[in-house]
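Here the structure comes first, spelled out in structure tokens, and everything after it is commentary.
Please treat every number below as a calculation from the coordinates, not as lab data. Because the structure is a prediction, the values reported are computed rather than measured. Glycine also receives a Cβ, built like all others from the backbone with ideal geometry; neighbour counts cover every protein chain displayed.
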Amino acid sequence: MIRTIRQVCLSAALIALGLPAVAQTTSTTQPTGASIQQRKDNQQDRIANGVQSGQLTAGETGNLERKESDINREEKDMRTLDNGHLSAADKATLNQQQNQVSKQIYQDKHNAAVQNSNPKSEVGERQRNQQERIAQGVKNGQLTAGETAHLEGREAAENREIRNDRAANGGKLTSGEKAQVNRQQNRTSRQIYRDKHNARTR
């Protein structure tokens, strides 16, 4: 009888000690609203660093930012449906999507494709300067994921055009092509400024 009482007391004590650990495990596996925001900020910093270092090309950055923008829109829709809140299932879904983007950031930063971060030509120098301005806007929150995706899409299109022009002319740009690229870079430069100074922030 005494042995049975001891076993019951011991079992109750073990359960009581185990409950906080179970509760703690559950709370850390489900991200809170704050941790979702921290993850978004962290991933934006990783993208910005990849842009600045040249590890991410304009095309890769545009693709990553489109994915981030899609996740942001989905989160907004989830919150709209639940009076500004996220359910545990919503948080789990967003966390899973951020995991996929996180892996993509790593793969893109460690593949063979790189942006020319040490250009010698005037055109290349302007490209690097614009990439740095975009990276700073991502880092300090002045550019949203959608704005960044749009700007990087323009940068990627310019890069393709420059590459094709050079291939057609033995590695060089004609004076007409340089003037065309310069006009496009001027337009992109103005768009970077407008996007960084409008009311929208990340």
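Some observations on this one:
- Which listed residue, of ARG79, ARG128, is within 30 Å of GLU177 (Cβ to Cβ) and not in a loop (DSSP other than H, G, I, E, B): ARG128
- Of GLY153, GLY171, all but one fail to be of a type outside the set (D, E, K, R) and closer than 30 Å to GLN38 by Cβ; the exception is GLY153.
Yes/no matrix, rows are residues, columns are (1) more than 19 Å from ASN72 (Cα to Cα); (2) surrounded by fewer than 14 Cβ atoms within 10 Å (Cβ to Cβ); (3) among the aromatic types (Phe, Trp, Tyr):
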site	(1), (2), (3)
ARG128	yes, no, no
GLY137	no, no, no
GLY141	no, yes, no
THR144	no, no, no
ALA156	yes, no, no
GLY170	yes, yes, no
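- Members of the stretch 88-126 that are over 30 Å from SER175 (Cα atoms) and more than 14 Å from the chain's Cα centre (by Cα): ALA88, ALA89, ASP90, LYS91, ALA92, THR93, GLN96, HIS110, ASN111, ALA112
- Inter-residue pairs, beta-carbon under 7 Å, first crowded, with 24+ Cβ neighbours inside 10 Å and in the stretch 54-71, second part of a loop (DSSP other than H, G, I, E, B), 6+ apart: LEU56/GLN115; GLU60/ALA113
- Selected residue [touching a residue at least 24 places away in the same chain (Cβ under 8 Å) and touching an Asp or Glu at 6+ places or on another chain (Cβ under 8 Å)] from ARG126, ARG200, ARG133: ARG200
- Exactly one residue out of GLN115, GLN37 is in contact with a Leu (Cβ under 8 Å, 6 or more places away or on another chain), surrounded by 12 or more Cβ atoms within 10 Å (Cβ to Cβ) and polar (S, T, N, Q): that is GLN115.
- Set side by side, the residues ASN164, ASN159, ASN186 differ, and just one is within 20 Å of SER53 (Cα to Cα) and assigned to a helix (DSSP H, G or I), which is ASN159.
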